[in-house]
Amino acid sequence: GIQVEQSPPDLILQEGANSTLRCNFSDSVNNLQWFHQNPWGQLINLFYIPSGTKQNGRLSATTVATERYSLLYISSSQTTDSGVYFCAVVSSGSARQLTFGSGTQLTVLP
Amino acid sequence: KAGVTQTPRYLIKTRGQQVTLSCSPISGHRSVSWYQQTPGQGLQFLFEYFSETQRNKGNFPGRFSGRQFSNSRSEMNVSTLELGDSALYLCASSLATGMNTEAFFGQGTRLTVV
C-alpha cells in the first residue's frame, strides 16, 4: 500500500517563529488532508488539498502531486499551535481509506 | 451544523468483554469510517460504511465489526477484548464514498482494557 512519511518528527519553536512541515507519499493520490490533533485527541481539519496551494490565516499548504509531496507552513507560531500535525492521503489505486503519516509533534514555547 | 458525535468519550473494560462504540455523522453525510490510534501503530483504518454497506475493511481481526443504520449512524463492536485493543477510536464522516471527498472526525472514544 501507499507509504506516507512526515518530517520532522519533532519540532520545537519559539513563539513567533515560522515552520515548514513536510509530507512525502509513495504513490499518486486522489485526496490529501492536513489535520491538527488537539490535546483531547480530536483531529481538526486544516486543509483538504490534493493539489495546489491554499491559505487560511497564518497557515498555508502546498501539494505538488506530480512530485508526491505536500508542505504545511505555519507563520508567526503561537503556543496554541502546539500539538501533533498529521498528513493523510487516499491513494488513487485503492478504495476510499485515509492512510496517515506518523505525524509531526510541534511544541511552541512562550 | 453539528459535527461528528462519538459516544461514549471514555470507556474502561475488562479483558474478554465486548464493547460497542457509536458514531453520528454530520447531517447529510452518508459515509462513516472508523480508525484506531495507538502509540505504537499510529492511526490505522478499520472499515468504511456507506448506505448501510461495508465498502472497505482494514487489516484487523474479525473481533472488530461494525454496522451502519438507515440514518447513517454507525456502531463498531469489539468482542473478546484484549489488552492491545486499548486505543483511541476515531470516527470520520464524509459526504459520499468517492475518493475526492473530505473527511471530518469526531472527538474519539478512548478505550482502556484492563
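The values are calculated or read from the model by the stated rules, or taken from the named source; none is laboratory data. Quick caveat, the model's predicted, so the values are computed rather than measured. Glycine also receives a Cβ, built like all others from the backbone with ideal geometry; neighbour counts cover every protein chain displayed. We work out accessible area using only protein heavy atoms, side chains counted, and drop any ligands, DNA or RNA first. Shrake-Rupley method; radii C 1.70, N 1.55, O 1.52, S 1.80 Å.
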Requested in this report: Considering only segment B:54-83, state which residues are touching a helix residue (DSSP H, G or I) at 6+ places or on another chain (Cβ under 9 Å) and part of a loop (DSSP other than H, G, I, E, B).
Outcome: B:ARG63
Query raised in the report: For A:GLN105, all conditions in the list (1) touching a residue at least 40 places away in the same chain (Cβ under 8 Å); (2) within 14 Å of chain B (Cβ to nearest Cβ); (3) open to solvent by 40 Å² or more (accessible area, probe 1.4 Å); (4) not in a strand (DSSP E or B) hold save one; what is the number of the exception?
Result: (4)
Query raised in the report: When the residues of segment B:52-69 are filtered to those that are at pLDDT 95 or above and among the small types (Gly, Ala, Ser), which remaining residue is least open to solvent (accessible area, probe 1.4 Å)?
Result: B:GLY66
Requested in this report: Evaluate the following for A:SER76: is it open to solvent by 10 Å² or more (accessible area, probe 1.4 Å), of a type outside the set (Asp, Glu), more than 28 Å from B:THR5 (Cα to Cα) and in a loop (DSSP other than H, G, I, E, B)?
Outcome: yes
Query - Selection count, segment B:9-33, where residues are more than 21 Å from B:SER70 (Cα to Cα), more than 13 Å from chain A (Cβ to nearest Cβ) and not in a strand (DSSP E or B) - result: 5
Requested in this report: Would you check if A:GLN33 is open to solvent by 20 Å² or more (accessible area, probe 1.4 Å), within 30 Å of B:GLN54 (Cα to Cα) and either within 10 Å of another protein chain (Cβ to nearest Cβ) or in contact with a helix residue (DSSP H, G or I) (Cβ under 7 Å, 6 or more places away or on another chain) (or both)?
Outcome: no
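Considering only segment B:70-111, how many residues are away from chain A (no Cβ under 13 Å) and either open to solvent by 10 Å² or more (accessible area, probe 1.4 Å) or of a type outside the set (Val, Ile, Thr) (or both)?
First pass over segment B:70-111, keeping only residues away from chain A (no Cβ under 13 Å): B:70-86.
Pick out the ones that are also either open to solvent by 10 Å² or more (accessible area, probe 1.4 Å) or of a type outside the set (Val, Ile, Thr) (or both) and you get B:70-77, B:79-86.
The qualifying residues number 16.
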Query - Residue within segment B:34-51 that is in a strand (DSSP E or B) and open to solvent by 50 Å² or more (accessible area, probe 1.4 Å) present - result: yes
Requested in this report: Kindly establish whether A:SER7 is within 11 Å of chain B (Cβ to nearest Cβ) and surrounded by fewer than 18 Cβ atoms within 10 Å (Cβ to Cβ).
Outcome: no
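Among the listed residues A:PRO39, A:PRO50, which satisfies the condition of being open to solvent by 10 Å² or more (accessible area, probe 1.4 Å), within 14 Å of chain B (Cβ to nearest Cβ), touching a residue at least 24 places away in the same chain (Cβ under 8 Å) and not in a strand (DSSP E or B)?
A:PRO39
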